[in-house]
Amino acid sequence: MKIVVCIKQVPDTKGGVKFNPDGTLDRGAMLAIMNPDDKAGLEAALKLKDQYGAEVTVLTMGLPKATDVLREAIAMGADKGILVTDRVLGGADTWATSTTLAGALRNLDYDLIITGRQAIDGDTAQVGPQIAEHLGLPVISYAQEISVDEKAGTILVKRQYDDRYHMVEAKLPCLVTALSELGTPRYMTPGGIFDACKAEITTWGRADLKDVEDCNLGLAGSPTKIAKASDKVRKGAGEKVVPESPEDAVKYIVGKLTEKHVI
């Protein structure tokens, strides 16, 4: 069984957010981490590896420094890492990103593709389903449990849905988008870290993408245009009130709720 996990290096907002003049994120100037939902998806793939001896390949698109998250994934237990990087791919929206990743995936053999539900920088939840559409694969989103029947060549997914869940079965190959509830990521091991440092990361550029047109890549191929972007606006301290008694506190709160037509 061969599994490909698409992961993304996203900004660590603890270090602040910086933007380019065109409104895109200045990723090279920010601290970065592995996207949490992608990490849960990686853990699910590693559990399947533990069960079935699957081969796990991690794939990312980004700047050269994105090799850091690939090595982190290898230190956790992944077998191979592939970085897709090229100047023409910069500034991609979800459409251009999914087009690029699909072009890279056409070079690989896989039974299962796992992506995170969404990335914490864009929060669109679009890239995974778009990849499936590009590749003509069935997609099951919002996965919180996964099991595989290798003999039947099927996957069974417990899918989160509002106040209940669905049990969805699909034939492999298939794409699944993972919730953080899919699994608590394991820690890197000392041996894994040593292996990750020695591991050779495969690097692909524009020329390595299959069945992809230039007009669908990078900022120029992104139909989504950013009108304005900024860091989060800090809220003021607000109105501070020190009531003399609990009764006064209740009266004040009820008064404010009445004033705002909440009650």
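Just Asn107, Asn216, Asn35 to compare: in a GNM of the chain, with alpha carbon springs under 10 Å, which one fluctuates most?
Largest GNM mean-square fluctuation: Asn107.
Of Leu209, Leu63, which has the most accessible area and how do the rest follow, probe 1.4 Å?
Per-residue accessible area, sorted high to low, gives Leu63, Leu209.
Please list, by residue number, everything in the stretch 59-73 whose backbone N is under 11 Å from a paramagnetic label point 7 Å out along Cα→Cβ of Met188.
Residues passing the 11 Å test: 68-73.
With unit charges on the beta carbons (Lys and Arg positive, Asp and Glu negative) and the dipole taken about the Cα centre of the stretch 56-214, which residue among Ala92, Ala196, Ala170 sits farthest to the positive side?
Result: Ala196, furthest along the dipole toward the positive end.
Can you give the net charge of the other residues whose Cβ lies under 15 Å from the Cβ of Thr124, counting K and R as +1 and D and E as -1?
Charge balance near Thr124 sits at -3.
Nearest 20 debye, what's the magnitude of the dipole of the chain about its Cα centre given +1 on Lys and Arg Cβ and -1 on Asp and Glu Cβ?
400 debye
How much net charge surrounds Leu209 when only the other residues with a Cβ under 12 Å from the Cβ of Leu209 are counted, with Lys and Arg +1 and Asp and Glu -1?
-2
Here are some pairs, Lys2/Lys65; Lys47/Lys171; Lys39/Lys225; Lys49/Lys210; which of them have Cα atoms lying more than 24 Å apart in this structure?
Lys2/Lys65; Lys39/Lys225; Lys49/Lys210
Once the other residues with Cβ under 9 Å from the Cβ of Ala40 are scored (Lys, Arg +1; Asp, Glu -1), what is the net sum?
-2
Rounded if a/c is under 1.5, else prolate if a/b is larger than b/c, else oblate: which is the chain, with a ≥ b ≥ c the root eigenvalues of its Cα gyration tensor?
Since a/c reaches 1.5 and a/b is larger than b/c, the shape of the chain is classed as prolate.
Take each uninterrupted DSSP H stretch in the chain, measure its Cα extent along the helix axis, and return the ones at 15 Å or beyond whose mean Kyte-Doolittle hydropathy is at least -1.0.
36-52, 94-105, 246-259
Using a/c under 1.5 as the rounded threshold, could you call the stretch 118-159 rounded, prolate or oblate? The axes a ≥ b ≥ c are square roots of the C-alpha gyration tensor eigenvalues, and prolate needs a/b larger than b/c, oblate otherwise.
Note, shape of the stretch 118-159 comes out oblate.
Using a 1.4 angstrom probe on heavy atoms only, work out the carbon and sulfur share of the accessible area of the chain in %.
Whole-percent figure for carbon plus sulfur exposure: 52.
With a ≥ b ≥ c taken as the square roots of the eigenvalues of the C-alpha gyration tensor of the stretch 116-263, please select rounded if a/c is under 1.5 and otherwise prolate if a/b is larger than b/c or oblate if it is not?
In terms of gyration-tensor shape, prolate.
The values are calculated or read from the model by the stated rules, or taken from the named source; none is laboratory data. For clarity, every value in this text was computed on a predicted model and none was experimentally measured. Virtual Cβ from ideal backbone geometry, glycine too; neighbours counted across all protein chains shown. Remember, those area values only see protein heavy atoms, side chains included, never the ligands or the DNA or RNA. Shrake-Rupley method; radii C 1.70, N 1.55, O 1.52, S 1.80 Å.
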